[in-house]
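The values are calculated or read from the model by the stated rules, or taken from the named source; none is laboratory data. Quick caveat: nothing in here was measured; it's all calculated off a predicted structure. Ideal geometry is used to build each Cβ from the backbone, glycine not excepted, and the neighbour counts take in all protein chains shown. Calculation scope for accessible area: heavy atoms of the full protein, side chains included, ligands and nucleic acids excluded. Shrake-Rupley method; radii C 1.70, N 1.55, O 1.52, S 1.80 Å.
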Protein chains: 2
Amino acid sequence: MPRTNAGPGVTVTSRVLSVLGCFDAEHTSLTLTEIALRAELTLPTAHRLVGELAAWGALRRERHGGYVIGRRLWDLGLLAPVQTDLRDVASPFLQDLYGATLATVHLAVRDGVNALYLDRVSGHASVPVVSKAGSRLPLHSTGVGKVLLAHAPAAVRHEVLAAPLERFTPYTIAQPSRLARQLEHITQDGYATTTEEMTLGACSIAIPVSVNGHTVASLGIVVPHLRACARLVPALQVAAQGIARNLSPG
Amino acid sequence: MPRTNAGPGVTVTSRVLSVLGCFDAEHTSLTLTEIALRAELTLPTAHRLVGELAAWGALRRERHGGYVIGRRLWDLGLLAPVQTDLRDVASPFLQDLYGATLATVHLAVRDGVNALYLDRVSGHASVPVVSKAGSRLPLHSTGVGKVLLAHAPAAVRHEVLAAPLERFTPYTIAQPSRLARQLEHITQDGYATTTEEMTLGACSIAIPVSVNGHTVASLGIVVPHLRACARLVPALQVAAQGIARNLSPG
DNA sequence: TGCGCCCTTCCGTTGAGCGGAAGCAGGCCG
DNA sequence: CGGCCTGCTTCCGCTCAACGGAAGGGCGCA
């Protein structure tokens, strides 16, 4: 009897990972027998590995006997720099949007009370903008920033509205009550706009990118005026849905 | 030379888990050498294990050479039923609050447009309430519900405010504009109250339980009147901070 | 160029890991 | 109550996957 008949390339590590790989959105709680079947392990092997994973906290056994993902993996998952994934996933969508509009397209996430730009695509014919990958701009004066602010935890919104709102152009919205009203409209309309509030000659349209009900980013486009708004919002939404679909574990 | 001199109880699985355990909020990106040191492995061993973890997607190597938690663990972490953890962690705090007040104390999370009660502690002298563990009540008519709604994604708030708000007592707030104004105050005040809006004779005070800036639950107390509000809010906040501290990976 | 740091590869040795077999526990049904 | 089924749980002889010391490579910096 060989020690294992599983074939080459099968290590303990790969077996452990096979066990973890059994869990997905449709299989969040699994019995030991189900894990063994799905991971293609014998019952005693699965028993040993699952036992150790449970002892460490990677898995947890529930009252009815099924195993679920445990606290330690939840903690670890929170450490993943999803933003880099986000940029990689979103990049082709940004390219497509640029190709269709020749306008500057950018992607941002909320970083405290600023919008952090992860990526930007623009060309010679695009409206000049101050955003570039890695730069931060205030939430209140940019399209993506307003989207991120509208969908941020309430404490963030309160913090932004309580501080002085800096003016970049004569059109920048600097009254908290006016901004707050805009934020309510943004959640209803599903998109945000700016009209020369950050840069003279530059207007923007932005929408949220949401995964599992959480807004993780905002996708924006910069145009000289908002006349094409009705056409651009659906295009942005299609791209945002594409980005979200590629981000979520479905 | 023995195959390993690490001592009893050290398995491949435990070594893999030691590698994963190197990562925490203060060490989100680690070189192979750092991982080997922190996991108490030799460099070749760490190299083999990390290589396999990276191939599977549990870790990812960044451009500058450091390893970070990868997408697969982010995906798995999302599957963890944190709510059960939450109940276990919160239980002693709920008991303490009950012991100090003899009032009904409960913990809820948002489940769609409802408050899902995870736990409740009450006694014979407590005000009778309709909440019990496992039950769901509307967000707009309960203290914990209002807290959860105020801190929910904007889309949820919009959904609740757009639907008819059911009346349970003559005091239930059923006008969307009035509820919306209350929600704004809740974010400023840091707590919510109800005055016989769910059950006659029952008022409540509730606060958010937040982890890393995200409201994950609400902690509430039911009293016959709000006279002791100024005393109870700090007590609730201390308990909420204790719960959050035990929940977060710090 | 030399040095230091961070890997990356190699291979003889051996004990950790394997799985078939046996057994246990609990629930259900006749 | 006894038998059957399901889901584990434990055991132990065998063997090859895993180990780590040693050697070497690549890169950046003074």
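Annotations
- In summary, B:Ala180 fulfils each of the numbered conditions (1) open to solvent by 60 Å² or more (accessible area, probe 1.4 Å); (2) out of contact with any His (no Cβ under 7 Å at 6 or more places or on another chain) with the single exception of condition (1).
- Residue match in segment A:227-241 (condition: assigned to a loop (DSSP other than H, G, I, E, B), modelled with pLDDT under 90 and not basic (Lys, Arg)): yes
- Conditions (1) more than 23 Å from A:Tyr98 (Cα to Cα); (2) in contact (Cβ under 8 Å) with a residue 24 or more places away in the chain: number failed by A:His185: (2)
- Residue match in segment A:16-37 (condition: more than 16 Å from DNA strand D (Cβ to nearest atom), within 13 Å of chain B (Cβ to nearest Cβ), part of a helix (DSSP H, G or I) and within 28 Å of A:Val209 (Cα to Cα)): yes
- Test result for B:Val209, modelled with pLDDT of 90 or more and within 14 Å of chain A (Cβ to nearest Cβ): yes
- The criterion of being in the same structural domain as B:Gln241 (by TED's automatic domain parsing) and at negative phi does not hold for B:Tyr67.
- Between B:Val113, B:Val68, B:Val89, B:Val50, the distinction of being surrounded by 23 or more Cβ atoms within 10 Å (Cβ to Cβ), in contact (Cβ under 8 Å) with a residue 12 or more places away in the chain and either within 13 Å of DNA strand C (Cβ to nearest atom) or within 12 Å of another protein chain (Cβ to nearest Cβ) (or both) belongs to B:Val50 only.
- Evaluating B:Asp119 against the criteria (1) within 14 Å of B:Gly220 (Cα to Cα); (2) within 14 Å of chain A (Cβ to nearest Cβ); (3) not aromatic (Phe, Trp, Tyr) leaves one unmet condition, (2).
- Set side by side, the residues A:Gln188, A:Gln237 differ, and just one is over 17 Å from A:Ala152 (Cβ atoms) and surrounded by fewer than 17 Cβ atoms within 10 Å (Cβ to Cβ), which is A:Gln237.
- Lone unmet requirement of (1) away from DNA strand D (no atom under 16 Å from the Cβ); (2) of a type outside the set (Gly, Ala, Ser); (3) touching a residue at least 12 places away in the same chain (Cβ under 8 Å); (4) crowded, with 18+ Cβ neighbours inside 10 Å for A:Leu41: (1)
- Just one of the listed residues (A:Ala80, A:Ala58) is facing chain B (nearest Cβ under 8 Å), within 25 Å of B:Gly66 (Cα to Cα) and within 16 Å of DNA strand C (Cβ to nearest atom), and it is A:Ala58.
- The set of residues from segment A:130-150 being at pLDDT below 85 and either open to solvent by 40 Å² or more (accessible area, probe 1.4 Å) or not in a loop (DSSP other than H, G, I, E, B) (or both) comprises A:Val130, A:Lys132, A:Ala133, A:Gly134, A:Arg136.
- The set of residues from segment A:151-172 being part of a helix (DSSP H, G or I) and more than 14 Å from chain B (Cβ to nearest Cβ) is empty.
- For B:Leu226, the conditions (1) within 22 Å of the chain's Cα centre (by Cα); (2) open to solvent by 40 Å² or more (accessible area, probe 1.4 Å) are fulfilled apart from (1).
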